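Working notes, structure below.
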Amino acid sequence: MPIDFRSDTVTCPTPAMREAIADALVGDDVFDEDPTMQALQRRTASLLGKDDAIFVPSGTMSNQVAVRLHCRPGDEFLCEAGSHILNYEQSAHVQLSGVTARPVTGDFGVLKVEDLQDQIRPANEHFVRTRMVTLENTHNRGAGRIQPIESVQAICRWAHANRLTTHLDGARLFNAVVATGIKAAEWASHFDTVSVCFSKGLGAPVGSALAGPGDWIREARRHRKVLGGGMRQAGIIAAGALYALEHHVDRLADDHKNASDLADAIRALDGLTLTPPDPQTNMVIFEVAPELGAAAQFTERLARRGLLMLPISATRVRAVTHLDLSAAQVRQASEILQEVVRAQFASKA
Ligand SMILES: *Cc1c(COP(=O)(O)O)cnc(C)c1O
């Protein structure tokens, strides 16, 4: 079995999670009669300090339901230039909802209120209407960077004062919770709606949830249905998510320690440069020097030795730690990286 650092989505359900899934009580959730779905939605809402939550099959659907709740055709939202909602969802906001996005470049995904202040369009019939601000925490393309709570507060306060609504793409919010000790409900309190993923670091096989005010979440059921996300005995998958929420949050600290150890090993190697230099959660991104070949050639050499990492540009590689990677495998990975770098430099000498 290769050691797989490509993403925290590659985890498989543990035996205990499979047992919870096998034992799940289920009903038809389109009739709102699935007790496990209801339990998961209540638990998620309560952890995030919101009235209610809705389970959806993916983080993409969760973000896109949020777009439809916040915006109408002809509206625009502000987002970070490298954000998932802008780059990795096929611009579904355009395709499906007639909404545009205005990107604002942050520092490895982290925005300050000053970055946003000039970005609201004037009220004038030439322009789309600026309606919402989205933040991503932790930031995927920013190598798992945490958006500091002070700037979250400042941005959301500014947004609400300017009659903009706010949405948090918290696919990896629990990584920020564990890394900072700031509770999920505190992070969430600044936003109108919050999306979280169960299928990333939490290690569930399927699913995300969107939390917010009760009347918004009732309306979200309509959007979920039209996007094809109304599911029947969905308690089967909700049970995995519920198990993950109860048992896999605190252990994210292990993933962070593993990422930090991997980063130390990478820092020690010539030809590899961490970017950003100080990984904060479970992701490490590094630049590969030209002497070591293109990122894809470099990861191909790693793969031949049983180590999988993800090329994310011509020169950059991403490694993500997760539930199915141990400290011993991180040490093995560090050795493989060292061997491949040395072999490559030796072949050039
Ligand atoms: C993975 C991810 C999503 C989307 O999740 P899918 O379940 O893959 O659709 C949304 N936002 C961020 C930041 C992500 O990393």
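Within region 104-115, not a single residue is in contact with a Gly (Cβ under 6 Å, 6 or more places away or on another chain) and surrounded by fewer than 15 Cβ atoms within 10 Å (Cβ to Cβ).
In the set Q233, Q153, only one residue is open to solvent by 10 Å² or more (accessible area, probe 1.4 Å) and free of Cβ contacts under 8 Å to residues at least 40 places away in the same chain; that residue is Q153.
Listed by first and then second residue, the pairs with beta-carbon distance under 8 Å, at least 6 apart or on different chains, first residue in region 299-311 and of a type in the set (A, V, I, L, M), second open to solvent by 60 Å² or more (accessible area, probe 1.4 Å), are A303/P2; L307/P2; L307/Q332; L308/P2; L308/R6; M309/R6; L310/R6. Scanning region 158-182 for residues that are among the charged types (D, E, K, R) and free of Cβ contacts under 8 Å to residues at least 12 places away in the same chain returns a single hit, R163.
Residue-wise test of (1) within 28 Å of V317 (Cβ to Cβ); (2) away from the ligand (no atom under 16 Å from the Cβ); (3) in the same structural domain as V65 (by TED's automatic domain parsing); (4) among the basic types (K, R).
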site: E80; (1), (2), (3), (4): yes, no, yes, no
site: L86; (1), (2), (3), (4): yes, no, yes, no
site: T105; (1), (2), (3), (4): yes, yes, yes, no
site: F108; (1), (2), (3), (4): yes, no, yes, no
site: D115; (1), (2), (3), (4): yes, yes, yes, no
site: H126; (1), (2), (3), (4): no, yes, yes, no
site: L135; (1), (2), (3), (4): yes, no, yes, no
site: R141; (1), (2), (3), (4): yes, no, yes, yes
site: R145; (1), (2), (3), (4): yes, no, yes, yes
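Taking region 37-59 as the range and being in contact (Cβ under 8 Å) with a residue 60 or more places away in the chain, within 23 Å of G230 (Cβ to Cβ) and either open to solvent by 10 Å² or more (accessible area, probe 1.4 Å) or touching a Cys at 6+ places or on another chain (Cβ under 8 Å) (or both) as the test, the residues that pass are A39, Q41, R43, K50, D51, D52, P57, S58, G59. In the set (1) closer than 30 Å to V330 by Cα; (2) under 18 Å from the mean Cα position of the chain (by Cα); (3) open to solvent by less than 70 Å² (accessible area, probe 1.4 Å), the condition left unmet by I21 is number (2). For T180, state whether it is surrounded by fewer than 20 Cβ atoms within 10 Å (Cβ to Cβ), among the hydroxyl-bearing types (S, T, Y) and assigned by TED's automatic domain parsing to the domain that holds L48. Against the criterion (surrounded by fewer than 20 Cβ atoms within 10 Å (Cβ to Cβ), among the hydroxyl-bearing types (S, T, Y) and assigned by TED's automatic domain parsing to the domain that holds L48), T180 qualifies.
In this entry, I120 passes the filter for residues that are β-branched (V, I, T) and over 30 Å from I312 (Cβ atoms). G240 meets the conditions (1) open to solvent by less than 80 Å² (accessible area, probe 1.4 Å); (2) in a helix (DSSP H, G or I); (3) not assigned by TED's automatic domain parsing to the domain that holds H93 in every case but one. The failed one is (3).
The values are calculated or read from the model by the stated rules, or taken from the named source; none is laboratory data. Only a predicted model underlies this, so the values are computations on that prediction, with no experimental measurement involved. Neighbour counts are summed over all protein chains in view; Cβ atoms, including those assigned to glycine, are modelled from backbone coordinates with ideal geometry. To get the accessible areas, we keep the full protein, side chains included, count just its heavy atoms, and leave off ligands, DNA and RNA. Shrake-Rupley method; radii C 1.70, N 1.55, O 1.52, S 1.80 Å.
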